[in-house]
Amino acid sequence: MVETVAAPVLAGAERSLQMEYAIRDVVLPARELEKQGHKVLKLNIGDPCAYGFQPPEHMIQALYDAARDNANGYTASEGDPLFVDAIVRREKRRNGLDYAPSDVLVTTGVTEGLQLLLGASVRPGDEVLVPGPAYPPYDSLVRYFGGTPVHYRSLEDEDWQPDVDDVRRRITPRTKAVCLINPNNPTGALYTEPVVKEFTDLVGEHRKQCFLVSDEIYDEMTFDGVQKASAAVAPDVPMVTLNGMSKVYLVPGWRLGHMLWNDPAGALSEIKAGVLKAARNRLCANSVCQRAGAAALDGPQDHIAQVNATLKERRDYTLKRLDGIDGISCARPDGAFYAFPRIDGLEQGPWRDDMEFVLDLLKEEKVLAVHGSGFDAGSGAGHFRIVILPDLGTLEDAFDRLERFMARRLGDAA
């Protein structure tokens, strides 16, 4: 008999092992329940397609036509010129901005764009200011490249508007970039134009050392106001805008994003050169999806108003139900498709933290949400994120379960 000896475990890189992604991490315990035969109401992930939304038919036809016409090879690393030109036209039409094709880089989703940008700009010891709370890759990718994410405060009692004074206090000689996510994930906050102006002006005051990253992936998904592009508010401030097709055009699985360079004085030239080198190294984004993306941007936009009307109805119902549940309160989301409720009953209840709250809700009522501390251990603590994408019947079922859960648990703790 041959004795087998376990091979030594090869050391992994700490930069990867430390990465977390709260939105998908909570799926693992939900899968275990599903293996046991339970049906889980999933309110965790911002995928409109998972809740019945579909892209416009002309986009699907354009995707088919592109494949049939053999647009199946590589494109330029910067992007298919047809798609790049459509992005330029869209920015002129919506935001009044005059980008050149060389100011555009097509990416495999916004997350790849963020990864390319941080990889080309962040050095060990650099700090990057991000909203508190914020989409998790902003933290994990800054750390991945040796930087330190620094969360600035958002004001929950003002529907999560950014605290510009707190941003000012947190800018140091080590600050390399300042990030704005508008509308915001996870809070659904839509930043007002005066706030965006004040914010961008502040970054402009420090343009010799840092630049602005403006994440605008939800720009057309608003309910009670209009999103104002940061570059339209402050065209003289060095910034990179991140955007894409995933949310507004309902195709997250296509992984089609882009970045826009606004750099009138050339302050970002070295960073941009690094991004383009990395982009060439990864070849290109999806070719046929870029052709369909061009058709989407230049084609009918009717679906946007229809989707927003549906989401507004679901947002209003969500707020009504949450406000009626003891131990829960929620600031008003005016964009994207999230709500970020506070667990007012956390201290009175049996939970140690918001993570335990989310896991107990999943275990007892089979409702999957995301713990707020996964978006920021400080400002996100004591909250949880849900999507407002499901139909009203599903939302009613989910909130009935949440209400039952809170009544039982707070009653037990009394």
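Only the coordinates and a few stated rules stand behind these numbers; no lab work does. Not measured: the values here are computed from a predicted model. Glycine also receives a Cβ, built like all others from the backbone with ideal geometry; neighbour counts cover every protein chain displayed.
Here are the numbers for this structure:
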read-out	value
Prolate/oblate/rounded label for segment 228-269 (Cα gyration tensor, a/c 1.5)	oblate
Dipole-positive endmost among L389, P300, A265 within the chain (Cβ charges, Cα centre)	A265
Distance from segment 68-133 to segment 360-381 (C-alpha centre basis), Å	32 Å
For peptides 363-372, 44-53, sequence by mean Cβ density within 10 Å, most packed first	363-372, 44-53
Calculated [θ] (222 nm, deg cm²/dmol) that DSSP helices of n ≥ 4 give over the chain, each run adding -39,500 (n - 2.57)	-12500 deg cm²/dmol
Rounded, prolate or oblate (a/c below 1.5 giving rounded, otherwise prolate when a/b exceeds b/c) for the chain by Cα gyration tensor	rounded
Charge dipole magnitude, Cβ of K and R +1, D and E -1 - the chain, Cα centre, debye nearest 20	880 debye
Antiparallel DSSP beta bridges within segment 57-298, as percent of all bridges there, nearest 5	40 percent
Rounded if a/c under 1.5, otherwise prolate or oblate - segment 202-281, Cα gyration tensor axes	oblate
In segment 108-198, the trypsin sites (Lys or Arg not before Pro) that fall in loop regions by DSSP, at most 15 other Cβ within 10 Å	R174
Under 5 Å, built H, 5+ apart or other chain: amide partners of Y152	V130, G132
Of all DSSP beta bridges in the chain, antiparallel share, percent nearest 5	50 percent
Calculated from backbone phi, Karplus (6.51, -1.76, 1.60) coupling profile of segment 211-216 in Hz, x at Gly/Pro	9, 9, 10, 10, 8, 10
